[in-house]
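Note sheet for the following structure.
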Amino acid sequence: MTVDCVIEDNRWGDLEDLAQIATDATLARLGLEPSVFEISILACDDARIATLNADFRGKAAPTNVLSWPSDERAPAIPGEMPSPPEPGPDSELGDIAIAYDTCAREAAEAGRSLNDHTLHLLIHGTLHLLGFDHERDRDATLMEGLETEILGKLGLPDPYRV
């Protein structure tokens with residue numbers, strides 16, 4: 001996996017390593033060869049992600065992570081697997097933005113480390129790039145199950161269990 005990280009907020013530190021781990025683990029779980037795909041990640045603050053959220057989703061508030069897939073891959077039937085991307089000359093899966101302030105606050109509120117929460121959100125964002133969503137109940141069940149499984153393989157607990 002080629003991960004291109006643009007670090008706008010230096011509090012993120014070495015996000016590249018976490019991004020590589022999260023994206024590689026997600027693609028490998030879905031049977032995709034990580035080395036042939038690319039993802040761009042913007043590591044920003046709440047002010048920047050609030051602007052992006054307003055521009056692209058009409059919600060003028062910060063959020064933890066946003067994703068922009070390069071192609072529409074969502075399944076028509078709730079709970080089904082999305083169509084996998086085809087490797088090729090343009091194997092860009094899309095873009096992810098992640099906000100430090102919101103992620104740090106959520107991690108603290110959940111009693112998790114920032115790194116663990118960041119891994120979860122980057123896996124979540126990568127799944128969005130691959131056509132997964134959580135708007136419909138059956139899609140949410142599928143997506144959350146994959147997140148939990150991938151995190152488990154990385155030695156991390158289920159983020160959906162209180």
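The values are calculated or read from the model by the stated rules, or taken from the named source; none is laboratory data. In this text the structure is predicted, and so the values were computed from the model without any measurement. Cβ coordinates were reconstructed from backbone atoms using ideal geometry, including for glycine residues, and neighbour counts include every protein chain displayed.
What pairs come up if the first residue lies in region 31-44 and is modelled with pLDDT of 95 or more and of a type in the set (Phe, Trp, Tyr), the second is surrounded by 14 or more Cβ atoms within 10 Å (Cβ to Cβ) and not in a strand (DSSP E or B), and their beta carbons are under 6 Å apart, counting only those six or more places apart or on different chains?
Close Cβ pairs (under 6 Å, with a partner that is surrounded by 14 or more Cβ atoms within 10 Å (Cβ to Cβ) and not in a strand (DSSP E or B)) amount to 37/1; 37/91.
Do the conditions hold for residue 66, that is, is it surrounded by 15 or more Cβ atoms within 10 Å (Cβ to Cβ) and outside any helix (DSSP H, G or I)? Walk me through how you get there before you give the answer.
On the way: surrounded by 15 or more Cβ atoms within 10 Å (Cβ to Cβ): yes; outside any helix (DSSP H, G or I): yes.
Here the answer is yes, as residue 66 does meet what is asked.
Count, please, the residues in region 12-30 that happen to be in a helix (DSSP H, G or I), over 14 Å from residue 128 (Cβ atoms) and touching a strand residue (DSSP E or B) at 6+ places or on another chain (Cβ under 9 Å). Give the derivation first.
Pass one, region 12-30, residues in a helix (DSSP H, G or I): 12, 15-29.
Filter once more, so that each one left must be over 14 Å from residue 128 (Cβ atoms): 12, 15-21, 24-25, 28-29.
Keeping just the survivors that are touching a strand residue (DSSP E or B) at 6+ places or on another chain (Cβ under 9 Å) gives 12, 15-16, 19-20, 24.
Qualifying residue count, region 12-30: 6.
Criterion first (farther than 19 Å from residue 29 by Cβ, in contact with an Asp or Glu (Cβ under 7 Å, 6 or more places away or on another chain) and small (Gly, Ala, Ser)) does residue 70 satisfy it? Please lay out each step first, then the result.
Numbers: farther than 19 Å from residue 29 by Cβ: yes; in contact with an Asp or Glu (Cβ under 7 Å, 6 or more places away or on another chain): yes; small (Gly, Ala, Ser): yes.
When the stated conditions are applied, residue 70 passes them.
So, in region 133-143, of the ones that are among the acidic types (Asp, Glu) and modelled with pLDDT of 95 or more, which residue ends up surrounded by the most Cβ atoms within 10 Å (Cβ to Cβ)? Lay out the reasoning, then the answer.
We begin by selecting, within region 133-143, every residue among the acidic types (Asp, Glu); these are 133, 135, 137, 139.
Going one step further and asking which of them are modelled with pLDDT of 95 or more, we end up with 133, 137, 139.
Values: 133: 17, 137: 10, 139: 20.
Filtering first and then ranking leaves 139.
Could you tell me whether residue 125 is surrounded by 17 or more Cβ atoms within 10 Å (Cβ to Cβ), in contact (Cβ under 8 Å) with a residue 24 or more places away in the chain and at positive phi? Show your work before the answer.
Values: surrounded by 17 or more Cβ atoms within 10 Å (Cβ to Cβ): yes; in contact (Cβ under 8 Å) with a residue 24 or more places away in the chain: yes; at positive phi: no.
So residue 125 does not fit the description; no.
Is it true that residue 136 is basic (Lys, Arg), without any contact (Cβ under 8 Å) to a residue 60 or more places away in the chain and more than 20 Å from residue 44 (Cβ to Cβ)?
yes
Residue-wise test of (1) within 14 Å of residue 42 (Cα to Cα); (2) in contact (Cβ under 8 Å) with a residue 24 or more places away in the chain; (3) loosely packed, with under 14 Cβ neighbours inside 10 Å.
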site: 58; (1), (2), (3): no, no, yes
site: 91; (1), (2), (3): no, yes, no
site: 100; (1), (2), (3): yes, yes, no
site: 108; (1), (2), (3): no, no, yes
site: 131; (1), (2), (3): no, yes, no
site: 145; (1), (2), (3): no, no, yes
site: 151; (1), (2), (3): no, yes, no
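Only one of (1) in contact with a strand residue (DSSP E or B) (Cβ under 7 Å, 6 or more places away or on another chain); (2) under 23 Å from residue 35 (Cα atoms) fails for residue 62. Which number is that?
Condition (2) is where residue 62 drops out.
Evaluate region 46-55: report whether one residue or more is hydroxyl-bearing (Ser, Thr, Tyr), outside any loop (DSSP other than H, G, I, E, B) and more than 11 Å from the chain's Cα centre (by Cα). Show your work before the answer.
Taking region 46-55 and keeping what is hydroxyl-bearing (Ser, Thr, Tyr), we get 51.
Imposing the further condition that a residue be outside any loop (DSSP other than H, G, I, E, B) reduces the set to 51.
So of that shortlist, the ones also more than 11 Å from the chain's Cα centre (by Cα) come out as 51.
Taking every residue of region 46-55 in turn, at least one turns out to be hydroxyl-bearing (Ser, Thr, Tyr), outside any loop (DSSP other than H, G, I, E, B) and more than 11 Å from the chain's Cα centre (by Cα).
List every residue pair whose Cβ atoms lie under 8 Å apart, where the two residues are 6 or more positions apart in sequence or sit on different chains, the first residue falls within region 73-86 and is farther than 13 Å from residue 30 by Cβ and in contact (Cβ under 8 Å) with a residue 40 or more places away in the chain, and the second residue, located anywhere, is surrounded by fewer than 14 Cβ atoms within 10 Å (Cβ to Cβ) and small (Gly, Ala, Ser).
Qualifying pairs under 8 Å: 75/83.
Tell me, which helices (runs of 4 or more DSSP H) wholly within region 72-153 include 1 or more residues that are among the hydroxyl-bearing types (Ser, Thr, Tyr) and touching a strand residue (DSSP E or B) at 6+ places or on another chain (Cβ under 9 Å)? Break it down stepwise before answering.
Working: elements: 100-110, 114-129, 137-153.
Once the helices (runs of 4 or more DSSP H) in region 72-153 are filtered for at least 1 residues that are among the hydroxyl-bearing types (Ser, Thr, Tyr) and touching a strand residue (DSSP E or B) at 6+ places or on another chain (Cβ under 9 Å), what remains is 100-110, 114-129.
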